[in-house]
1. If I take R0 = 41 Å and measure r between the Cβ atoms of Arg252 and Arg137 in this structure, what FRET efficiency does the formula 1/(1 + (r/R0)^6) give, to the nearest 0.05?
2. Between Ala87 and Trp154, 0.36 nm times their residue separation minus their Cα-Cα distance comes to what?
3. Label-point separation (nm) for Val116 and Ala178, each offset 7 Å from Cα along Cα-to-Cβ?
4. To the nearest 500 deg cm²/dmol, what mean residue ellipticity at 222 nm is calculated for the chain from DSSP H runs of n ≥ 4 alone, each contributing -39,500 (n - 2.57), summed and divided by the residues?
5. Give the value in nm², to one decimal: projected area of the alpha carbon convex hull of region 12-254, averaged over all directions.
6. I'd like the distance separating the alpha-carbon centroids of region 38-54 and region 144-223, in whole Å.
7. Taking only Cα atoms, what is the 0 to 90° angle, nearest 10, from helix 135-151's long axis to the longest principal axis of the chain?
8. Give the peptides 224-231, 44-51, 164-171, 184-191 in descending order of average Cβ contacts within 10 Å, highest first.
Amino acid sequence: MTGERATPSATHLVLIPSYNPGPKVYDTVRAARARWSPVWVVVDGSTDGSAEGLQAMAVQDDGLHVINLPRNMGKGAAVLHGIDAAATQGFTHVLTMDSDGQHPAELIPEFMAASVRQPSAMVLGVPVFDASAPSLRVQGRKLSNGWANLETLWAGIGDSLFGFRVYPIAPLRRVMHAQHWMRRFDFDPEAVVRLCWRGVQPVNLPARVQYFGADEGGVSHFNYLRDNLLLTWMHGRLLAGFVVRLPWLAVRRLRGR
Ligand SMILES: Nc1nc2c(ncn2[C@@H]2O[C@H](COP(=O)(O)OP(=O)(O)O)[C@@H](O)[C@H]2O)c(=O)[nH]1
Ligand SMILES: [Mg+2]
């Protein structure tokens, strides 16, 4: 579909939230641009020089747009900033991907095509790990997926945490503007559960994920204690929301929706 020299999409954009990503961000953005236009990067108060480096790339490339936030606000907040701006320009769908090279840019056309076929759905990447994946993260994921499946009465979420996804922008904005959570690492799982509650169907597609060691330029801002507490609190409030919605969710599931 749309690539570097093709016509830019007027409906679907790639959005990359970025915070002190390290040098891999440049290859990541180049790889995304090779498969899609437009690509937007939201630089979220980074202090590693990447704001300047990305801006220099954007000057040479009409398909790349860089938004700079003055201070770090978190992944979800950066995505919200990006989709608010995208909506004012008429975009209807966004593919979010990480800025640190862990996600498969080569799958952007396939994910966008799935979204074009089913515009009311969200297209979720289901991670295919290789040996580089830390087992603690792989196991922690199973726990989060178990909660997300319960909270949606097994509506079909393949993975709750993976950030390589296409969202319909309008329902995602409604969900996010309705509350002040979902602004940091609680963004991905809460988005998928709350969109399911709103009737946005998940479409699951496998996607390779890579973990890089620090010696390979890998950077992670996931803090095991802080972010697991954040995710625990998030599932607490989602469970409360689930209990309130249970009768209605059960009726919907019984009707096969
Ligand atoms: N805008 C923004 N993006 C972030 C922030 N923290 C993480 N991200 C994004 O979320 C992705 C995943 O975070 P990362 O730190 O790599 O966590 P991990 O891959 O789960 O270990 C990053 O590649 C960034 O794209 C943040 O504070 N602000
Ligand atoms: Mg990462």
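1. My answer for the efficiency is 0.80.
2. 21.1 nm
3. Simple spin-label model gives 3.1 nm for this pair.
4. -14500 deg cm²/dmol
5. Convex hull of Cα atoms, orientation-averaged projection: 12.6 nm².
6. Here the answer is 22 Å between Cα centres.
7. 50
8. Taking the mean over residues of other Cβ atoms within 10 Å, the ranking is 184-191, 164-171, 44-51, 224-231.
Taken together, the values in this text are just the output of simple stated rules run on the coordinates, not laboratory data. All values reported here derive from a predicted model rather than from experimental measurement. With ideal geometry, Cβ positions are generated from the backbone for all residues, glycine too; neighbour counts draw on all protein chains shown.
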